[in-house]
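Enquirer: My questions will all concern the structure given below.
The values are calculated or read from the model by the stated rules, or taken from the named source; none is laboratory data. Because the structure is a prediction, the values reported are computed rather than measured. Here the Cβ is made from the backbone with ideal geometry for all residues, glycine too, and neighbour counts use every protein chain on show. With ligands, DNA and RNA removed, areas are computed over all heavy atoms of the protein, side chains included. Shrake-Rupley method; radii C 1.70, N 1.55, O 1.52, S 1.80 Å.
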Amino acid sequence: MAAYKSIPPLSVLVEQLERLPGVGHKSAERLAYHVLTMPEADAQKLTGAISNARSKIRYCSICCNLSDSELCPICSDSSRDRSVICVVEDPKDIFAFEKTNEFNMTYHVLHGVLSPMQNIGPDDLKIKELLARLSGDEVKEVIMGLSSTVTGEATSMYLSKLIKPMGIKVTRLGFGIPVGADLEYADEVTLKRSVSTRTEI
């Protein structure tokens, strides 16, 4: 398959696909060849879908979740319990919680966690936006729905120190989520149990 390197457009396609998370060199090659064998109409739909998503999807003005309008579906839902905010690392973590169909809370997406090794500090995350949401009297509890990795735990503790002086209860996910695990891989039963058994920080 290395012969593709002599074909610049194919080589560029493989290189770009390889930059996607979880896609190794061999997988990038297979995907590239698959794209080339797709019917023209299907290939156009794929490129159109990518372009459309990039141009129309933005951050919700309240929770920083992905949305195609100013407010995401959760923030625009008046039946949501706005007194509880679950802080998550990525939008995909919201999808994991929502799949359980058990919780009526709202969310806040940080778009990352604190990581000095990667030069990710507080100003690189959506922390100011979170604190702005806590300035009123509406929010009573903030759940740290971050993965139990070293960086996730460090971010939870950092946020807790900022939020607790505001008189707001800060909790973390309870048992069920293994140490070092990413939330996106947790099953629905485990997520339900972890929220139900959350403990105060």
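Enquirer: Applying the selection to region 127-146, what residues are at pLDDT 95 or above, open to solvent by less than 50 Å² (accessible area, probe 1.4 Å) and either among the polar types (S, T, N, Q) or in a loop (DSSP other than H, G, I, E, B) (or both)?
Expert: L134, V139
Enquirer: I've got another one for you. Report the residue count in region 114-133 for those that are closer than 29 Å to R80 by Cα and free of Cβ contacts under 8 Å to residues at least 40 places away in the same chain. It would help to see each step written out before you state the result.
Expert: Kept after step one, since they are closer than 29 Å to R80 by Cα, are these residues of region 114-133: 114, 122-133.
Keeping just the survivors that are free of Cβ contacts under 8 Å to residues at least 40 places away in the same chain gives 122-125, 127-128, 131-132.
Residues meeting the conditions: 8.
Enquirer: In the list A41, A32, which residue meets the criterion of being free of Cβ contacts under 8 Å to residues at least 60 places away in the same chain and open to solvent by 40 Å² or more (accessible area, probe 1.4 Å)? Full working, then the answer.
Expert: Working: A32 fails: open to solvent by 40 Å² or more (accessible area, probe 1.4 Å).
A41 is the lone residue from the list that is free of Cβ contacts under 8 Å to residues at least 60 places away in the same chain and open to solvent by 40 Å² or more (accessible area, probe 1.4 Å).
Enquirer: Return yes when E102 is among the acidic types (D, E) and in contact with a Lys or Arg (Cβ under 6 Å, 6 or more places away or on another chain) and no when it is not. If you could, list the steps in order and put the result at the bottom.
Expert: Working: among the acidic types (D, E): yes; in contact with a Lys or Arg (Cβ under 6 Å, 6 or more places away or on another chain): yes.
Against the criterion (among the acidic types (D, E) and in contact with a Lys or Arg (Cβ under 6 Å, 6 or more places away or on another chain)), E102 qualifies.
Enquirer: Among the residues of region 76-84, is any among the hydroxyl-bearing types (S, T, Y), out of contact with any His (no Cβ under 8 Å at 6 or more places or on another chain) and open to solvent by 90 Å² or more (accessible area, probe 1.4 Å)? Can you show your working first?
Expert: Keep residues of region 76-84 that are among the hydroxyl-bearing types (S, T, Y), which gives 76, 78-79, 83.
If we keep only those that are out of contact with any His (no Cβ under 8 Å at 6 or more places or on another chain) as well, we get 76, 78-79, 83.
Those still in the list that are open to solvent by 90 Å² or more (accessible area, probe 1.4 Å) too: 78.
So far as region 76-84 goes, yes, one or more of its residues are among the hydroxyl-bearing types (S, T, Y), out of contact with any His (no Cβ under 8 Å at 6 or more places or on another chain) and open to solvent by 90 Å² or more (accessible area, probe 1.4 Å).
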